[in-house]
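**Student:** Just dropping this structure here.
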Amino acid sequence: PYLLHMIRSSGINAEYGELVSSNPLYPQVPITFAMKDIILLVLLALVSADNLPIWPDEFKWSSAGRPSSGWDCIIILESADPHTWSDNYFCWKNTRNNPIIYWQSWGPIEGMRCTQITEAADPHTWQDNYLCVLEDSPYHFSWSSAGAIAGMSCIQWLETADPHTWGDNFLCAPPTIKPSKTAVFPDDFRWSGWYPPRGYDCIQIHERADPHTWHDNYFCWRWGVKDPGMKWSSAGPILGMKCTRILETADPHTWLDNWLCVPRDSKLNLSWSPAGELPDKNCIRWIETADPNSWRDNFLCG
């Protein structure tokens with residue numbers, strides 16, 4: 001089912017081998033694909049199907065609109081309910097693969113495994129709402145309208161503007177198994193000067209005072225390894241963490257107070273060089289080609 005969804009959502013007509021253009025200027029122009037291209041797409045889907053968000057750590061509920069960045073979401077809407085349900089979202093980290101979760105407010109979706117989302121105390125047709133996943137999805141959701149379910153990991157679905165007992169409703173599931181492998185430097189890390197790359201989790205490396213496109217720079221670690229707990233600070237070292245100063249004296253845009261930090265018990269012992277690789281260490285280059293202030297010879301080493 002996951003592979004079939006990938007083919008259908010890509011726009012490929014699996015029977016005829018066509019991809020319908022999404023360009024609004026040419027909406028009716030099909031692009032013919034050879035079957036080998038469709039097979040390649042299927043193989044790519046198979047390879048990446050395991051990199052799904054971890055429950056519950058990489059999911060969240062929002063009752064005040066879609067989160068600004070870092071999340072993909074579905075809207076949780078009961079149109080018959082007047083109590084501001086138009087801005088409620090269930091979200092997951094967008095650095096992971098889409099977990100293929102759908103919402104329907106008029107019964108379960110055929111061919112999917114659905115969980116009824118009900119609130120008996122709410123008169124606004126909350127008896128026919130369902131959250132659905134693929135039949136082979138690793139997520140096995142259960143719903144409770146009377147508190148968290150013992151023995152499961154739960155996320156509260158709270159709509160404070162709804163008076164009909166929406167303060168004790170929880171979506172629950174067994175926790176997803178987390179990665180056990182510790183990230184190894186430098187093999188499991190990489191620098192990206194152009195947004196988070198596929199297959200990696202990242203932290204943003206941003207100096208707001210620098211005008212040279214630092215908003216799209218990220219330091220990343222592979223999927224399938226434990227989160228190393230890294231944090232970035234552009235305003236001095238973070239209290240209680242082991243921090244490495246990221247310094248470029250040739251850059252006038254406040255690159256004197258930037259630090260990359262890891263937990264105190266981390267096995268990562270990082271060093272920074274603004275003038276080439278450090279001898280006897282393994283290094284990863286941090287490069288921002290749009291910044292003219294000597295950002296071509298900077299390395300994080302360990």
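**Student:** Relative to the Cα centre, what is the charge dipole magnitude of the range 241-283, using +1 at the beta carbon of each Lys and Arg, -1 at the beta carbon of each Asp and Glu, and rounding to the nearest 20 debye?
**Tutor:** Numbers: 5 positive and 6 negative charges, 54 e Å.
It comes to approximately 260 debye.
**Student:** Would you check the accessible area of VAL184, probe 1.4 Å, heavy atoms only, in square angstrom rounded to 10?
**Tutor:** About 70 Å², rounded to the nearest 10.
**Student:** Separate question: Around ALA250, what is the net charge, scoring Lys/Arg as +1 and Asp/Glu as -1 over all other residues with Cβ under 11 Å from its Cβ?
**Tutor:** After counting each charged neighbour, the total is -3.
**Student:** Mind checking the dipole of the range 167-241: about its Cα centre, +1 per Lys or Arg Cβ, -1 per Asp or Glu Cβ, Debye to the nearest 20? Walk me through the numbers on the way to the answer.
**Tutor:** Numbers: 8 positive and 8 negative charges, 46 e Å.
It works out to roughly 220 debye.
**Student:** Report the chymotrypsin sites (Phe, Trp or Tyr not before Pro) located in the range 53-145 that are in a DSSP loop and have at most 16 other Cβ atoms inside 10 Å of their Cβ, or state none. Each step should come with its number before you reach the end.
**Tutor:** Working: sites: PHE59, TRP61, TRP71, TRP85, TYR89, PHE90, TRP92, TYR102, TRP103, TRP106, TRP126, TYR130, TYR139, PHE141, TRP143; in loops: TRP106, TRP126, TYR139, PHE141.
Passing sites in the range 53-145 are TRP106.
**Student:** Putting +1 on Lys and Arg Cβ atoms and -1 on Asp and Glu Cβ atoms, find which of THR249, PRO237, PRO211 reaches farthest to the positive end of the dipole of the range 198-255.
**Tutor:** Highest projection toward the positive end goes to PRO237.
**Student:** Also, quick follow-up: Which of the lysines could a cross-linker bridge to LYS181, judged by Cα under 18 Å and excluding same-chain residues fewer than eight apart?
**Tutor:** Once the sequence-local lysines are set aside, what remains near LYS181 is LYS226, LYS267.
**Student:** Something else about it: What is the ratio of the Cα radius of gyration of the range 245-295 to 2.2 N^0.38 Å, with N the residue count, to two decimals? Please list the in-between numbers first.
**Tutor:** Working: Rg = 12.4 Å, N = 51, 2.2 N^0.38 = 9.8 Å.
So the range 245-295 has a normalised radius of gyration of 1.26.
**Student:** When the C-alpha atoms of the range 101-156 are aligned to their principal axes, what extent does each axis show, in angstrom, from largest down?
**Tutor:** Principal extents (largest minus smallest coordinate, Cα): 32, 30, 11 Å.
**Student:** Using R₀ = 45 Å, calculate the FRET efficiency as 1/(1 + (r/R₀)^6) where r is the Cβ-Cβ separation of LEU77 and ALA235; round to 0.05.
**Tutor:** Values: r = 39 Å, r/R0 = 0.87.
According to the calculation, E is roughly 0.70.
**Student:** Give the shape of the range 76-214 as rounded, prolate or oblate, defined through the alpha-carbon gyration tensor: a ≥ b ≥ c are the square roots of its eigenvalues, a/c under 1.5 means rounded, and otherwise the shape is prolate if a/b is larger than b/c and oblate if not.
**Tutor:** Numbers: a/c = 2.36, a/b = 1.76, b/c = 1.34.
Verdict is prolate for the range 76-214.
**Student:** Using the Cα centre as the reference, give the magnitude of the dipole from point charges on the C-beta atoms of the range 126-225 (Lys, Arg: +1; Asp, Glu: -1; all else neutral), rounded to the nearest 20 debye.
**Tutor:** 400 debye
**Student:** Farthest toward the dipole's positive end in the range 76-222, which of ALA146, MET112, PRO186, given Cβ charges of +1 (Lys, Arg) and -1 (Asp, Glu) about the Cα centre?
**Tutor:** Value computed over the given set: PRO186.
**Student:** Filter the chymotrypsin sites (Phe, Trp or Tyr not before Pro) in the range 175-257 down to the DSSP loop ones having no more than 15 other Cβ atoms within 10 Å, then list what survives. Before the final figure, lay out the partial values.
**Tutor:** Values: sites: PHE189, TRP191, TRP194, TYR200, TRP214, TYR218, PHE219, TRP221, TRP223, TRP232, TRP255; in loops: TRP194, TRP223, TRP255.
Loop-located and lightly packed - TRP194.
**Student:** Would you mind classifying the range 189-236 by shape? Square roots of the alpha carbon gyration tensor eigenvalues, ordered a ≥ b ≥ c; an a/c under 1.5 is rounded, otherwise it is prolate if a/b is larger than b/c and oblate if not. Write down the numbers at each step before the final one.
**Tutor:** On the way: a/c = 3.93, a/b = 1.55, b/c = 2.53.
Oblate is the answer for the range 189-236, as a/c is 1.5 or above yet b/c matches or exceeds a/b.
The values are calculated or read from the model by the stated rules, or taken from the named source; none is laboratory data. Model, not experiment: these values are computed from the prediction. Please note: Cβ atoms are built from the backbone with ideal geometry, for glycine as well, and neighbour counts cover all protein chains shown. The protein model used for the area step is the full one, side chains on, heavy atoms only, and it has no ligands, DNA or RNA in it. Shrake-Rupley method; radii C 1.70, N 1.55, O 1.52, S 1.80 Å.
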